[in-house]
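The values are calculated or read from the model by the stated rules, or taken from the named source; none is laboratory data. Since we're looking at a predicted model, the values are computed, not measured. Cβ sites come from the backbone with ideal geometry, for glycine too, and all protein chains shown count toward neighbours.
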Amino acid sequence: MTKTDIVLIVPFQEKAAFGPRLLDSYLTYNGFSVALVYFKRRTQENSSPSSIEMQLLVDFIIAKSPLLIGISFMSVFRDVVASIINGIKAKTNIPIITGGVHATICPEDCLELADICCIGDGEVPLKMLLNQLKTGKLRSDIPNCYFRNGSEVIKNPMTYVCTDLDKLPFQDLTSTGKYFIEDDKIMNEDPYISYIRNSKKYDFKAYRGCPYCCTYCGNDSIRAAYGTKGKFLRRRSVENVILELKMAKSTFPDLQSMGSYDEVFLSDPDFVREFAERYSKEIALPLSCDTYITTASEEMVTMMANAGLKRVAVGIEAFSEEVRTKVYMRYQKDSDLLAKIKIFDHHGIQLSYDFILDNPYEKPEDIRNFFLDFITKLPRPCYFNFYSLCHLPKSKLTYRLLADGLITEDDIVGLSNKGVLQWKVTKKHARSPRITFWIDMMVLFSHTVNLGGWKLHIPISLIKLIGRLENAFVLRTATFAYNVFAAVSEGNIMNIVLKKVGIK
């Protein structure tokens, strides 16, 4: 097996893993040989590698004999990554550097695991490290890097920030040098390339950072590490983004859609104005994105709709306006949200809404009132995504919950495995009957039946009646009746019968 300068490991990341992919392209562009290893898919059932998978990773590293091993990871995978690093260290003395979100917000903790920790952007620090390792003269004065030297810890400040993202090469869209360890096998495969081919969708990022300071989010802690908001939030030029999308269309001629992976794609009017004009002329594929909905103007939505924007995910997050504005620091009033939602609906843009459950500051009564007063006013079709509140290290909300005695240190992500097992809400984790009732009500509200080209929904009057009764039996009966009607209208009645008798 050909030896390499660095093995980059991406544990449990979903889809593109933009940071490591750009590091791979940057280092390759600068003359280094890179092996990018995707180590298992992200699942909520079991993210622990098998003994065979662990052995495959170690054997691969030994065969590649790199100068350096890099691991980029989020805080939720801290404990699993610790076991991976221990497994590698048991078989080799190759230095290990950690990077990514957890390294940036908890560098001291990462030095408990690895030899070096990189905070913030890693392109230039990694290039400097590899150049020194090639000469055999590794120094500990590299920017953004913490070093462990026995009992001594050397902390170098973050002086490198990639302010011009246009200078970075685009991500490599081949499987060359990419490997995927899953199901007790190692494959010469890039799972993101497989995702693009199967979904016929290409995802991209135009920004680094986020302009907002939501208290529950890891971005707030990352911003603190960067020091100034100007350095933390950076945008690529529209020209640069369009060039990447053209490359993607050329590489994958059967692409059917594009998706922005930015938290708030519609946040800068000037960027949106130029992007919409060029995207409609030069890319012209259906587009999806996330955004902070109250910042979107009529002008921006109109331009993006004309450019091909079809789907938008927005974070409502809290059921209580008071919790949303005073706890999460998301300054979005219910009335403002509804006004903006109407703009998107007017242009035929499909919306999905994100909500955070398991917040001790919210009560079931908050969800009930929000459903009856807000949800029932939403245009349909619509979709809901439910997430469980995870207590990220050093976030403002985590500090507040600790101070109020509502959580303990053991509940913080990294010590707790909740961020892995309950990131997205599933029925596998029991909640109170009242909260479960209102989740099911929102799902029932969002149901759509296609009948002869018409989209039919359960009447709002019936929805409100079931909600005011707040009776689980009535809800189950209505849901079953709806499913039967939907199955009949779509010719799938037998599926309902088979499921009920346990055959399917």
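Listed by first and then second residue, the pairs with beta-carbon distance under 6 Å, at least 6 apart or on different chains, first residue in region 256-274 and under 17 Å from Ser297 (Cα atoms), second of a type in the set (Phe, Trp, Tyr) and assigned to a loop (DSSP other than H, G, I, E, B), are Val264/Tyr292. Evaluation of Pro253 against the conditions (1) part of a loop (DSSP other than H, G, I, E, B); (2) buried (at least 17 other Cβ atoms within 10 Å of the Cβ) shows that the sole unmet condition is (2). The residue pairs whose first member lies in region 405-423 and is assigned to a loop (DSSP other than H, G, I, E, B), whose second member is among the basic types (Lys, Arg) and surrounded by 15 or more Cβ atoms within 10 Å (Cβ to Cβ), and whose beta carbons are closer than 6 Å, counting only pairs six or more residues apart or on different chains, are Gly414/Arg78.
Of the residues making up region 318-350, those that are part of a loop (DSSP other than H, G, I, E, B) and either polar (S, T, N, Q) or under 18 Å from Leu378 (Cα atoms) (or both) are Ala318, Phe319, Ser320, Gln332, Lys333, His347, Gly348, Ile349. Residues that are in a loop (DSSP other than H, G, I, E, B), at pLDDT 95 or above and farther than 28 Å from Leu392 by Cβ within region 165-176 comprise Pro169, Phe170, listed in sequence order. With respect to Ile193, is the statement that it is in contact with a strand residue (DSSP E or B) (Cβ under 7 Å, 6 or more places away or on another chain) and at pLDDT 90 or above true? Spelling it out, it is not the case that Ile193 is in contact with a strand residue (DSSP E or B) (Cβ under 7 Å, 6 or more places away or on another chain) and at pLDDT 90 or above.
Residues considered: Asp121, Asp141. Of these, the only one that is crowded, with 17+ Cβ neighbours inside 10 Å, acidic (Asp, Glu) and assigned to a loop (DSSP other than H, G, I, E, B) is Asp121. For residues in region 180-215 being in a strand (DSSP E or B) and either in contact with a helix residue (DSSP H, G or I) (Cβ under 7 Å, 6 or more places away or on another chain) or on the phi > 0 side of the Ramachandran plot (or both), which is surrounded by the fewest Cβ atoms within 10 Å (Cβ to Cβ)? Restricting to residues being in a strand (DSSP E or B) and either in contact with a helix residue (DSSP H, G or I) (Cβ under 7 Å, 6 or more places away or on another chain) or on the phi > 0 side of the Ramachandran plot (or both), the top hit is Ile186. Residues that are among the charged types (D, E, K, R) and in contact with a Gly (Cβ under 9 Å, 6 or more places away or on another chain) are absent from region 63-70 altogether.
Of the numbered criteria (1) more than 21 Å from the chain's Cα centre (by Cα); (2) modelled with pLDDT under 95; (3) crowded, with 18+ Cβ neighbours inside 10 Å, the one Ile222 fails is (1). Being in a loop (DSSP other than H, G, I, E, B), of a type in the set (Val, Ile, Thr) and crowded, with 16+ Cβ neighbours inside 10 Å, is that true of even one residue in region 230-250? No: region 230-250 contains no residue that is in a loop (DSSP other than H, G, I, E, B), of a type in the set (Val, Ile, Thr) and crowded, with 16+ Cβ neighbours inside 10 Å. Of the residues Ala284, Ala305, Ala313, which is more than 23 Å from the chain's Cα centre (by Cα), surrounded by fewer than 21 Cβ atoms within 10 Å (Cβ to Cβ), among the small types (Gly, Ala, Ser) and not in a helix (DSSP H, G or I)? Answer to the selection: Ala284. Report, by residue number, each residue of region 431-457 that is at pLDDT 90 or above and among the aliphatic types (A, V, I, L, M). Of everything in region 431-457, those that are at pLDDT 90 or above and among the aliphatic types (A, V, I, L, M) turn out to be Ile435, Ile439, Met441, Met442, Val443, Leu444. From the list Tyr279, Tyr353, the lone residue that is assigned by TED's automatic domain parsing to the domain that holds Cys382, surrounded by 20 or more Cβ atoms within 10 Å (Cβ to Cβ), among the hydroxyl-bearing types (Ser, Thr, Tyr) and assigned to a helix (DSSP H, G or I) is Tyr279. Quickly run through region 256-276 and pick out the residues that are hydroxyl-bearing (Ser, Thr, Tyr), surrounded by 17 or more Cβ atoms within 10 Å (Cβ to Cβ) and modelled with pLDDT of 95 or more. Residue satisfying the conditions is Ser260 alone. Filtering region 346-366 for residues that are more than 18 Å from Met441 (Cβ to Cβ) and in contact (Cβ under 8 Å) with a residue 60 or more places away in the chain leaves an empty set.
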